[in-house]
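Presented below is the structure to which this report refers.
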Amino acid sequence: MRKTIRHRLLFWPIIGIVMIGIVLMVSVIDRIYPIDTGENGFLEIAGLILLIVMMFAWFAAVVTAFRSDLSDRMGFVAVFLMFSAISFGAAGRETTWGKIYGLDEATVDYLTLTSAIIFLIFFIISITLICVRLRGRRAFFWNLLTSHPMGWIICGLVLFVIGTFFEENIFGIEPHQLFEEALELLAYLSVTIAAFAFRSAIKVYASSSEGDP
């Protein structure tokens, strides 16, 4: 047990050091071979691809939770559906709903409205399921918040916030846009890993019929 606790305590600091190392490595590469951080640049496209992967990963987690026989399966469906909606909205935001690809204003407005409707449908379904299925279920939320996959989501959130600081150049460190893009990319990666981790955990617990992830 002590070994398990020690490993859990060491895991996130090690992940933090690895991610700092990745950001520094990207900075060194940029010094040698400048990386395009503009619209439609390498990091922008990589981030968009990762967002799409993240969206489908959360959809897959929704399907896995729904098909499981866990007692709280609809609770997981609700939470995962919310992350799917957020991923969908983030992908749309990243492309400005097609504007960065030169689409005309009318098409962009149509895509924006359609995307907003889809996002709201997912979000409303998620909130409804949470209110109906998880009312008073504090144990469910506690298990969820303290789970290993949720740690990846928190990690992603922290990275995204730090990336936002770099976007505003609050630290006064150059190249601030490169650091912003790199941190956002790592944030998307963390949340994507969380989706796969939740899906894997549900499969394991559903097959053994023991508890929640």
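The values are calculated or read from the model by the stated rules, or taken from the named source; none is laboratory data. Quick caveat: nothing in here was measured; it's all calculated off a predicted structure. Note: ideal-geometry Cβ built from the backbone for every residue, glycine included; neighbour counts use all protein chains shown. For accessibility, only protein heavy atoms count, side chains too; no ligands or nucleic acids. Shrake-Rupley method; radii C 1.70, N 1.55, O 1.52, S 1.80 Å.
The label-point distance for ASP30 and ILE121, in a model that sets each label 7 Å from Cα toward Cβ, rounds to 4.0 nm. If R0 equals 41 Å, the separation of the Cβ atoms of ARG138 and VAL18 corresponds to a calculated FRET efficiency of about 0.75. Ranking VAL161, VAL108, VAL28 by solvent-accessible area of protein heavy atoms (1.4 Å probe, all protein chains present), from largest to smallest, gives VAL28, VAL161, VAL108. Taking all protein chains into account, the per residue accessible area for region 43-204 stands at 51 Å² (1.4 Å probe).
Applying both filters, DSSP loop and at most 10 other Cβ atoms within 10 Å, to the GluC sites (Glu not before Pro) of region 124-183 gives GLU168. Accessible surface of MET82, taken over heavy atoms with a 1.4 Å probe and every protein chain present, rounds to 40 Å². When peptides 123-129, 182-188, 83-89, 149-155 are sorted by average Cβ neighbour count within 10 Å, with the highest value leading, the order is 182-188, 83-89, 149-155, 123-129. Report, to the nearest whole %, how much of the accessible area of region 43-204 belongs to carbon and sulfur atoms, 1.4 Å probe, protein only. That fraction is 71 percent. The heavy atoms of VAL132 offer some 100 square angstrom of accessible surface to a 1.4 angstrom probe.
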